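Presented below is the structure to which this report refers.
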Amino acid sequence: MSPSVPLQEMIRAIRSARTQCEERGVIQRECAAIRAQFRQTDNGGRSHNLAKLLYVHMLGYPAHFGQMECVRMIASPRYSEKRVGYLGAMMLLDEKQDASLLITNSIKNDLSHSNQYVQSLALCTLACMGSAEMCRDLAPEIDRLLRSSNSYIKKKAALCAVHIVRKVHDLGELFVPSARSLLSEKNHGVLHGAVVLITELCERSPETLERFRKTVPDLVQIMKGLVISGYSPDHDVAGVSDPFLQVRILRLLRILGRNNEAASDAMNDLLAQVATNTDSTKTVGNAVLYETVLTVLDIKSESGLRVLAVNILGRFLLNNDRNIRYIAMTSLQKIVLTDHNAVQRHRGTIVDCLKDQDASVKRRALELSLALVSASNIRSMMKELLIFLSSCPPELRAQAASGIFNAAERYAPSKRWHIDTILHVLTTAGGDVRDETVPNLIQLITNTSELHCYTVHKLYRALLTDISQQPLVQVACWCIGEYGDLLLKGECQETEAVQVTEDDVLDALEIVLQSHMSTPTTRGFALTATMKLSTRITDNVDRIRSIVSIYGSCIDVELQQRAVEYNQCHIFFFLMDVLCSRTTFCVFFAQVVDLLDLLGAGLLHISESIPRFFMLLLASAPTVTVYEKNGVTLTLSCEQQSESGLTVTLTASNSTDSDISGFTLQAAVPKSVQLQMRAPSTDCLPAHGGAKLTQLVVLNNPNKVNLKMRIRVSYTCQGSVVQDMVQVDSFPGL
Amino acid sequence: MAKSLQSCFFNQVIDRVQQQVEESQFYFTLAPRENSVKELRFLLLFSRQGKLRLQKWFVPTSDRERKKVIRDMIMLVLPRQPRTCNFLRWKDLKIVYKRYASLYFCAGLEEQDNELLALEVLHRYVELLDKYFGNVCELDIIFNFEKAYFILDEFLMGGEVLETSKFAVNVSMEQADTLQETMEEYMSKPAY
């Protein structure tokens, strides 16, 4: 080998430059010299010049002025110049450059050159950057070369044909006969090229695939030869004979066996043989096993073979080599839906991989673990996932958190478990959860009325411990605002109760308000919660008023607005009772949720001020109590929908000590009025005003008669049936 | 020798390496996606300081795209700890890399490709270089980059393995080199 001295001198000069600036100077000088040389007549150093330019190009500097030189060099009769010229063409030219067209003729000539190395240069360049036109032009020539007696040329022609087929799909037809005959070659290089070509042809055209199905027995024969054959020094890699060829044949078999029983049958034994005989101690053997597994899982294989394949993946999971574990999990991920039970058997190992050091392995393990969560393993899996969450790399936190939420939502064995899980995630990874987690959690808590006491206790404790995790703090504030009275009661069934005073609770909220860690949204929650407590506590209303009024001059405009409006609220104290009373939320605010975010859904923007809301409230839904007896209250509100249309909402509540069931309402109106009763929200009224019942009545009063309504109330309380009647003569707001 | 240049570049690379690079942060396609079972999309060799030593593209790629891919690969691979997985995901490709002494060999594969075999491909290429240069080191590849390309072209073509026998590749290289020498007008002394 004779290295080019001029090239190496230049490389040395560039490398000895001490700064980027100096390097640029050297390169500029060199490029100028090269350009000058290009313009001169042939002086025997042309190949060195082009090589220098290619080096400069690799460093990232522009080199397009060398394109024409490449064209000239390729046309040169000298091999060394052709060699560098073709290299330059592959590096500097692509099919988008005009200069690439100019080399078509040279390539055509060189394809028929007497020297195989010159032919090989042309073939290689065509396969690298041949455009569609060049391919169309030269395809017949390539086909001719496929039939040559020279193995060296045949193997290159085969891969060149592959490129042509990729560029111009229709030309595939041309190569089918030659490809078929190449399968009987002994030369591994040619055989490999043939398999790649056939694979390409089959991928392009289903008809061609049908025709090549007949080659399955031949392919099986070839594979068998490779697997059973003795040591061949030429092709052996760590005890495996020509793994490259084996893998390509396996891939072709996969394509041929897909969706075809007969072909899959024909290769069944072979696949089992490869799966059992291949040495799996080195990467190369595992590469072949991996391809085998992929093939088995993709074709119509026998169940026994399928189990064998999944077991190989299971063995991979236990391999010391990280790469193998990673591969195993990627493959298992693909089949986790179709072969779910088979993959479940390896769940333990997969979960262990969550603790792997490697981030790529961890990521795969997380995805696979989430896919394996089911109703039967939810508790144990969640334990592992939560442990993982507390120590996982930051880039995986968001994915883990949302995966955990989804799993919890789908398979939660109990509401308490569900709430606990969400709280755990918020405590560990609160900063990485999505925005809608807060309203979702609030919704969940609201709907789990039996756990209100438990939840508020848990959240209060969490708040005392740590106020840095914003979603957690927001939910905690909302909860305290909502259920603060349960906190103050000092008793709880599900967990140990805290003994707190009203001051303690207000202290906690004030800390949140004043902390620099709290975002404006969080402060909004805390302020709203403080306000809400004014209806639930008795002694410290003044303190609340003073807290809230301080924020009337807060720099944050949002908080300031709230504080001012809340202050005005105190004037309409009785209406605050309506607003903040727990049960009214569900009835009214489901509809007016965008006016006021007393629901605590922090993203919702306060657009109307409270006084305005009051007007709306008064205008849209004035309420009057029409019946109150034995602890059962019935209120009525109505809304004019149109000229003659009216919607009446009846709301019932139960403040006795025992639950009421079978609650029904019947209504009667004057003859000319049309009435339609909608379905009631429920027929049970839990004790102590736990939840309210609503029923909508739609009236149509076309004659505009004086509206009256008789309502019959019927319910069961403590075993006895109660029936009563009430007459409503005046409707509020009409 | 070129220490300060390298250290200056190194600092620039370090700065960029400080950023957390999400594995699939930017979206951009290398080339019009061909529906095929191609083995490799590209093969890159770069040093631990982020200097490119060889680039082979098996799909048509514009200069701008190439530069971007090279930058992304360097940023993805250099910060990797030793003894971690050799496989990464980047956009819609699988990236397989292996470090040999001071050089990183990095290949981009299609979705369906066999990563373990790609490791073997990289290893085979290193063996071929080693046989040709005799105990190859980075300097060999720097000063004889064109030879590194010629060897690659005897081993891979169009993103696929061309010759599976080590000996056959070596024989071809020797014979082609002989062809070259007879046409050389002067004998050059090897020196670096």
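Just so it is clear, none of the values below were taken in a lab; they were calculated from the coordinates. Given the structure is predicted, the values throughout are model-derived calculations rather than measurements. Ideal geometry is used to build each Cβ from the backbone, glycine not excepted, and the neighbour counts take in all protein chains shown.
Share of pairwise Cα-Cα distances greater than 41 Å in the protein assembly as shown is 55 percent (whole percent). Axis of helix A:415-429 versus longest Cα principal axis of chain A: the two differ by about 60°, to the nearest ten degrees.
Each peptide in A:425-435, A:709-719 gets a packing score, the mean of other Cβ atoms within 10 Å over its residues, and the list from highest to lowest is A:425-435, A:709-719.
Take each residue of peptide A:146-152, count the partner chain Cβ atoms within 10 Å of its Cβ, and average: the result is 1. Filter A:Lys167/A:Lys224; A:Lys334/B:Lys67; A:Lys52/B:Lys131 down to the pairs with a C-alpha to C-alpha distance above 31 Å, please. Over 31 Å Cα-Cα: A:Lys167/A:Lys224; A:Lys334/B:Lys67. Legend: mean number of C-beta atoms from other chains within 10 angstrom of residue C-beta atoms, peptide B:140-147, equals 6. In segment A:435-581, the C-alpha radius of gyration followed by the widest Cα-Cα span (Dmax) gives 14.4, 43 angstrom.
In plain terms, the residue of B:Met73, A:Met68 with the fewest other Cβ atoms within 10 Å comes first and the most crowded comes last, giving A:Met68, B:Met73. Shielding by partners for peptide A:314-326, expressed as the average number of C-beta atoms from other protein chains within 10 Å of each residue's C-beta, is 2. Each peptide among A:456-468, B:118-130, A:210-222, A:121-133 gets the average number of other Cβ atoms lying within 10 Å of its residues, and from highest to lowest they stand as A:121-133, B:118-130, A:456-468, A:210-222.
What do you get for the angle between helix A:132-146 and the principal long axis of chain A? Use alpha-carbon atoms, 0 to 90 degrees, nearest ten. So the helix axis and the longest Cα principal axis differ by about 50 degrees. Principal-axis analysis of the Cα atoms of chain A puts helix A:79-92 at an angle of about 10° to the longest axis. Along the charge dipole of the protein assembly as shown, pointing to its positive end and built from +1/-1 on Cβ of Lys, Arg, Asp and Glu, which listed residue (B:Leu88, A:Ala127, A:Gly314) has its Cα farthest out? In the protein assembly as shown, that residue is A:Ala127.
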